[in-house]
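Here the structure comes first, spelled out in structure tokens, and everything after it is commentary.
The values are calculated or read from the model by the stated rules, or taken from the named source; none is laboratory data. Computed from a predicted model, the values in this text were never measured in an experiment. As a convention, Cβ positions derive from the backbone with ideal geometry for all residues, glycine included, and neighbour counts pool all protein chains shown. Ligands, DNA and RNA are excluded from the accessible area calculation, which covers all protein heavy atoms including side chains. Shrake-Rupley method; radii C 1.70, N 1.55, O 1.52, S 1.80 Å.
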Amino acid sequence: MPHLEWANKGQAVAQAADAPYHLLRFERGYGDPDADNLLIRGDNLLALKALLPFYRGRVKCVYIDPPYNTQSAFEHYDDKLEHSQWLSLMYPRLVLLRELLAEDGSIWVSIDDNEAHYLKVLMDHIFGRENFVVNALWQKRTSPDARLMLGDAHDHLLIFAKNYDQIHFAKLPPSPKQLKMYKNPDNDPRGLWVSSDYSAQGYRPNQMYEITTPGGAKYQPPLGMCWKNVESVFFQLLADNRIWFGKKNMGVPRRKTFLSESQGISAWSWWTNEEVGHTQEAKKEINRLFGADASFDTPKPERLIQRILHIATNPNDLILDSFLGSGTTAAV
């Protein structure tokens, strides 16, 4: 496997082990005094090391939004590190985060093109290339940046598992747009349904039969394809009124899926701003809380974090954000 090399890498590799343990001083503030939630103030490398004796192997989901190294100086933090310094910042923290993850846990890291591809190789080394899940793209803008010749529209969300074979991600509920696709043109007593193509890619001899519709039209599978099921299963579906031939019973067969039976929709790697928000939405959220003068420069929209936590966690799971920023993860 390829490895990244950079100045002072040896020192960065040793930092996770060499960082001293510190005792955490607990102060009770607002909210439920019996809650187990923690807000830790300080160097996150030292904080992560302090958490190890209590939370090693227990965290179900880590979400972090580290400095992107954009070579800009923001009011609340310096994002202008030399590349090797940035790698040395990330390496020991990622090592400790892996130790805190549960065996069925996952880590989600927001990043942009400045360091995304180096971060991917770094995480391949720490988490194992076999534990890479996907690089999801969040459409952070609503329109192109007119100042740029070719503007960037997205941020990356690098997702790794502690153990790929043990993770289980929840499906997403249908969006309002998707719900509008469910109809009931045949007044099926089971309620709203949506139809899908009954053909499948490839050639399977026992799935190459002819289908005759109730209206008398005859269909073979499309060129280069076969039907989704063997003929005996097709007849079972037909008897159960799960095959749709159109209102005149002359159309190409399609399979019905009922809303009441839907287990949700699997997430994929393209996350639009319509679904999970954008940077302008995030700025409005934080301005409502803190006012325009006190706003954090680069917050994430709550809908983006909500989707991550919905997919990656169950109620009462432990969630960790060690680059908390404006506190969006805690708010969600």
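Enumerate the residues in the stretch 124-138 having an amide nitrogen under 19 Å from the point lying 7 Å beyond the Cα of Glu274 toward its Cβ.
137-138
If you roll a 1.4 Å probe over the stretch 213-279 with all protein chains in place, what percent of the accessible area is carbon or sulfur?
55 percent
First select every other residue whose beta carbon is under 13 angstrom from the beta carbon of Tyr209; then total the charges, Lys and Arg +1, Asp and Glu -1.
Around Tyr209, the surrounding residues sum to +1.
Relative to the longest principal axis of the C-alpha atoms of the chain, give the angle of the C-alpha long axis of helix 83-100, reported between 0 and 90° and rounded to the nearest 10°.
70 degrees
Once phi is turned into ³J(HN,Hα) by the Karplus curve 6.51 cos²θ - 1.76 cosθ + 1.60 with θ = phi - 60°, what whole-Hz value does each residue of the stretch 159-165 show in order, with x for glycine and proline?
Rounded to whole hertz, the list is 10, 10, 9, 5, 9, 4, 6.
Using only Cα atoms, find the angle between the long axis of helix 9-18 and the longest principal axis of the chain, and express it within 0 to 90 degrees, rounded to the nearest 10.
It works out to around 80 degrees.
Subtract the Cα-Cα distance of Gln178 and Asn8 from 0.36 nm times their separation in residues, and report this length gain in nm to one decimal.
56.1 nm
If you take the square roots of the eigenvalues of the alpha-carbon gyration tensor of the stretch 126-260 and sort them as a ≥ b ≥ c, do you get rounded (a/c under 1.5), prolate (a/b over b/c) or oblate?
Prolate, since a/c reaches 1.5 and a/b exceeds b/c.
State the percentage of accessible surface on the stretch 54-207 attributable to carbon and sulfur atoms; use a 1.4 Å probe and exclude ligands, DNA and RNA.
Of the solvent-accessible surface of the stretch 54-207, carbon and sulfur hold 54 percent.
Binning at 20 angstrom from zero up to the longest distance, how are the C-alpha pair distances of the chain distributed in percent?
Using 20 Å bins, I get a P(r) of 24, 46, 24, 5 for the chain.
What do you get for Rg/Rh of the stretch 189-332 when both radii come from the Cα atoms and Rh is the Kirkwood radius?
Ratio of gyration radius to Kirkwood radius: 1.22.
Can you list the HN-Hα couplings for the stretch 265-270, worked out from phi with the Karplus curve (6.51, -1.76, 1.60; θ = phi - 60°), rounded to whole Hz and with x for Gly and Pro?
Calculated HN-Hα couplings, in order: 10, 5, 5, 10, 8, 10 Hz.
Between Gln201 and Asp297, what is the label-to-label distance in nm when each label sits 7 Å out along the Cα-to-Cβ direction?
4.4 nm
Which FRET efficiency, nearest 0.05, do Ser266 and Ile40 yield, Cβ-Cβ r, R0 30 Å?
After rounding, the FRET efficiency stands at 0.30.
What FRET efficiency do you get for Val121 and Ala239 if R0 is 51 Å and r is their Cβ-Cβ distance, rounded to the nearest 0.05?
Approximately 0.40, to the nearest 0.05.
Anyone know which of Tyr118, Tyr219, Tyr164 comes out most mobile in the 10 Å Cα GNM of the chain?
Most flexible of the set in this elastic network: Tyr219.
Looking at Gly264, Pro144, Ala292, which one has the Cα that reaches farthest to the positive end of the dipole of the chain (charges on Cβ: Lys, Arg +1; Asp, Glu -1)?
Gly264
Multiply the residue separation of Leu23 and Gln306 by 0.36 nm, subtract the distance between their alpha-carbon atoms, and state the gained length in nm to one decimal.
The Leu23-Gln306 span can extend by a further 98.7 nm.
Compute the FRET efficiency between Leu289 and Lys218 as 1/(1 + (r/R0)^6), taking r as their Cβ-Cβ distance and R0 = 41 Å, and round to the nearest 0.05.
Efficiency computed from Cβ-Cβ geometry: 0.05.
Roll a 1.4 Å probe over the protein chains and send me the accessible area per residue for the chain in Å².
On a per-residue basis, 58 Å².
Within the stretch 94-112, name every residue whose backbone N is under 16 Å away from a label modeled 7 Å from Cα of His83 along the Cβ vector.
In the stretch 94-112, the label zone of His83 (backbone N under 16 Å from the point 7 Å along Cα→Cβ) covers 112.
What does the highest-first list of 193-200, 63-70, 149-156, 181-188 look like by mean Cβ count within 10 Å?
Top to bottom by mean Cβ count within 10 Å: 63-70, 193-200, 149-156, 181-188.
Quick one: which residues, 5+ away or cross-chain, put their amide H under 5 Å from the amide H of His154? H built at 1.01 Å from N.
Lys140
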